[in-house]
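Engineer: Would you mind keeping the following structure in view while I ask a few things?
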């Protein structure tokens, strides 16, 4: 008797599949309005879980799918991976099943998913195994609708553009399609509007870490004119994420700006009395150690060089240029006594032209060498005229006095020559010092100008790309 009942049930199911004119669905009759009775009535359908649930194989199975983004777990710039946690829902019609909710006592029932055919919907960008906890059940409705919901830990590939780091916005894609079935067998549709998906995802977002969800957009990939037997139906979701830059601004940008500001104001130290070069060397050493410590915060990728790396390199280059300028000025100020007189062209270019541009006041001049030279020459000539050019032959007191006056004249002439040389060296040294002060102030102005232009340019690039 049991064998006859089994054959009878199989015959009924076969007729319901191959004779579509009889009814649109396989109607299940329950012996009583209880779940055990419904489960017993569904048991013949469980044997059909290996085939697509359509009565006519030319019929396409429409799968509606959507997800809720629950958490952004991380972004790996080096490996170009995005790790997220989503709640995925898929629903489709099972044409083998329908029942009367009144007769069976319920409109919906949760059943093991292993008892039913499941569409092979995958995310193309998936790079690792789903490590989310499995959900072994699904909902089955009286009209044959199957609804499956499960959590998915998605590790997906994403083309990350970190040029504007830490003010970057990333756009990652989830492409849903059947791994095996062509569009003639399975078509995928959006089960919820992208605006609603974005709104719900923001409201349930559990992670408040480095990344912020901006929006989720979705569209169906268009295959107009193509044969459905030769392409896979696809549904694309685009997830736009924005990095929260506060940590990087506080830990990277502000310290760099502080150090470059200190280096800028170090130009106010008097180079002739303070070892400015040692101070700048200390700044460069401190900045290098700072970059080594904060290196782990910087993204590493082979696609593009982040603009912040250019910013750090620029700051370091400015500090090195400032040190070289200090060495030059110190050499001019401390070694000017050994230099030859300032060339005429440099005197005109630097002392007259550049001195006016940088508003550098001229130093007070010493008495002219020609005036002292004239007075000394006059005194020596008077003594020589009075005493004559030769030593006295006698030994009288008057002759000795004349001889002493003559020696005094020669001594005065030697002193004059020495003073003349000293005054020339002093004037040359003062001219070189004036050249050094003017060049120092000129380079200080150029330093301010270059820093301002560079920083404004980088900020404008960041702002423009951030607002796109």
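The values are calculated or read from the model by the stated rules, or taken from the named source; none is laboratory data. All figures in this text were calculated on a predicted structure; none of them were measured in a lab. All Cβ positions, glycine included, derive from the backbone under ideal geometry; neighbour counts span all protein chains shown.
Engineer: Give the residues of region 120-131 that are in a loop (DSSP other than H, G, I, E, B) and surrounded by 15 or more Cβ atoms within 10 Å (Cβ to Cβ), sorted by residue number.
Structural biologist: Within region 120-131, 124, 125, 127, 130 meet the criteria.
Engineer: Same structure, new question: Restricting region 177-203 to residues that are more than 30 Å from residue 60 (Cα to Cα) and touching a residue at least 40 places away in the same chain (Cβ under 8 Å), which is surrounded by the most Cβ atoms within 10 Å (Cβ to Cβ)?
Structural biologist: Within region 177-203, the match that is surrounded by the most Cβ atoms within 10 Å (Cβ to Cβ) is 201.
Engineer: So which strands (runs of 3 or more DSSP E) stay within region 171-246 end to end and still have 1 or more residues that are under 32 Å from the mean Cα position of the chain (by Cα)?
Structural biologist: Output list reads 211-220, 234-243.
Engineer: If I go through region 80-119 residue by residue, how many of them are in a loop (DSSP other than H, G, I, E, B), over 22 Å from residue 58 (Cβ atoms) and out of contact with any helix residue (DSSP H, G or I) (no Cβ under 6 Å at 6 or more places or on another chain)?
Structural biologist: Selection size over region 80-119: 4.
Engineer: Exactly one condition in (1) under 43 Å from the mean Cα position of the chain (by Cα); (2) surrounded by 15 or more Cβ atoms within 10 Å (Cβ to Cβ); (3) farther than 15 Å from residue 146 by Cα; (4) at pLDDT 90 or above is false for residue 103; which is it?
Structural biologist: That leaves (1) as the condition not met.
Engineer: Let me ask another. Please pick out the residue among 277, 256 that is in contact with a helix residue (DSSP H, G or I) (Cβ under 8 Å, 6 or more places away or on another chain), surrounded by 16 or more Cβ atoms within 10 Å (Cβ to Cβ), modelled with pLDDT under 90 and part of a helix (DSSP H, G or I).
Structural biologist: Every option except 277 fails the conditions.
Engineer: Tell me, please, whether a residue that is farther than 24 Å from residue 247 by Cβ and either touching a strand residue (DSSP E or B) at 6+ places or on another chain (Cβ under 8 Å) or in contact (Cβ under 8 Å) with a residue 40 or more places away in the chain (or both) can be found in region 290-297.
Structural biologist: no
Engineer: Quick one: would you say residue 451 is closer than 30 Å to residue 167 by Cα, out of contact with any helix residue (DSSP H, G or I) (no Cβ under 9 Å at 6 or more places or on another chain) and at pLDDT 65 or above?
Structural biologist: So residue 451 does not fit the description; no.
Engineer: Oh, and also: Within region 208-253, count every residue that is on the phi > 0 side of the Ramachandran plot and surrounded by 14 or more Cβ atoms within 10 Å (Cβ to Cβ).
Structural biologist: Total satisfying the criteria: 0.
Engineer: Quick check on my filter: what residues within region 133-162 are in a loop (DSSP other than H, G, I, E, B) and either closer than 30 Å to residue 95 by Cβ or touching a helix residue (DSSP H, G or I) at 6+ places or on another chain (Cβ under 6 Å) (or both)?
Structural biologist: Correct list: 134, 135, 136, 142, 143, 144.
Engineer: Moving on. If residue 143 satisfies every condition in (1) at pLDDT below 95; (2) within 22 Å of residue 71 (Cα to Cα) but one, which is the exception?
Structural biologist: (2) is the only condition that residue 143 fails.
Engineer: For the subset of region 151-176 comprising residues that are crowded, with 18+ Cβ neighbours inside 10 Å, in contact with a strand residue (DSSP E or B) (Cβ under 6 Å, 6 or more places away or on another chain) and modelled with pLDDT under 95, which member is farthest from residue 189 (Cα to Cα)?
Structural biologist: Ranking the candidates gives 166 first.
Engineer: Please work out if residue 349 is at pLDDT below 75, in a helix (DSSP H, G or I) and exposed (fewer than 15 other Cβ atoms within 10 Å of the Cβ).
Structural biologist: The answer is yes for residue 349.
Engineer: Here is a follow-up. For region 51-92, which residues satisfy the criterion of being surrounded by fewer than 15 Cβ atoms within 10 Å (Cβ to Cβ) and within 20 Å of residue 149 (Cα to Cα)?
Structural biologist: Result: 62, single match.
Engineer: Of everything in region 59-80, what is free of Cβ contacts under 8 Å to residues at least 60 places away in the same chain and more than 30 Å from residue 295 (Cβ to Cβ)? Give them in sequence order.
Structural biologist: 59
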